[in-house]
Amino acid sequence: MIIPIMEMMFHRDFRVRQSSSVLMYQLVKELENDVIKSQPKYVSIETKNEILASMFILKYDIIDRVATQAAQIWKNIIDNQLKLLKSIIHVLSKQIFDLVQNENLEL
């Protein structure tokens with residue numbers, strides 16, 4: 001269920017990336033912020049880390065609208081950014097390397 005949304009968060013069309021980030025935010029809110037908790041009940045810890053890493057990466061999108069919206073979403077769901085980044089750094093670095101190897105130059 002979550003995987004297609006996460007794939008669309010890095011689509012070549014910026015409108016799709018923007019819409020997917022909003023959809024992911026709504027999903028996180030519907031899960032009662034379960035994704036933010038240290039021991040999520042509805043999603044696995046790996047999925048939680050992938051979602052949060054994806055949202056962090058989108059904060060630095062080349063399109064300002066996407067970056068601004070992702071930064072606002074990140075600010076709404078994350079309280080202690082440094083602590084969270086320490087816990088997801090391995091997932092974050094893997095996603096960044098995957099994006100660098102992607103053929104799409106815009107990302």
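The values are calculated or read from the model by the stated rules, or taken from the named source; none is laboratory data. What you are looking at is a predicted structure, and each value in this text was computed from that prediction instead of being measured. Ideal geometry is used to build each Cβ from the backbone, glycine not excepted, and the neighbour counts take in all protein chains shown.
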Identify all residues within region 62-105 that are surrounded by 13 or more Cβ atoms within 10 Å (Cβ to Cβ), at pLDDT below 90 and in a loop (DSSP other than H, G, I, E, B); write none if there are none. I78
Confirm whether V66 is within 14 Å of S19 (Cα to Cα) and among the aliphatic types (A, V, I, L, M). yes
Considering only region 1-14, state which residues are assigned to a loop (DSSP other than H, G, I, E, B) and buried (at least 17 other Cβ atoms within 10 Å of the Cβ). M9, F10
Odd one out for R17, checked against (1) among the charged types (D, E, K, R); (2) surrounded by fewer than 19 Cβ atoms within 10 Å (Cβ to Cβ); (3) assigned to a helix (DSSP H, G or I): (2)
Filter region 8-57 for residues that are farther than 15 Å from V91 by Cα and of a type in the set (D, E); which is modelled with the lowest pLDDT? E32
From the list V28, V43, pick out the single residue that is farther than 24 Å from N102 by Cβ, among the aliphatic types (A, V, I, L, M) and assigned to a helix (DSSP H, G or I). V28
Going through region 49-87 one residue at a time, which ones are more than 22 Å from H11 (Cα to Cα) and of a type outside the set (D, E)? K75, N76, I77, I78, N80, Q81, L82, K83, L84, L85, K86, S87
Got at least one residue in region 53-60 being farther than 15 Å from M6 by Cα and not charged (D, E, K, R)? yes
Of S54, S44, S93, S21, the only residue that is more than 14 Å from the chain's Cα centre (by Cα) and of a type in the set (S, T, Y) is S44
List the residue pairs whose Cβ atoms are under 9 Å apart, where the first residue sits in region 39-59 and is free of Cβ contacts under 8 Å to residues at least 12 places away in the same chain, the second is part of a helix (DSSP H, G or I), and the two are 6 or more positions apart or on different chains. Q39/I45; P40/T47; P40/K48
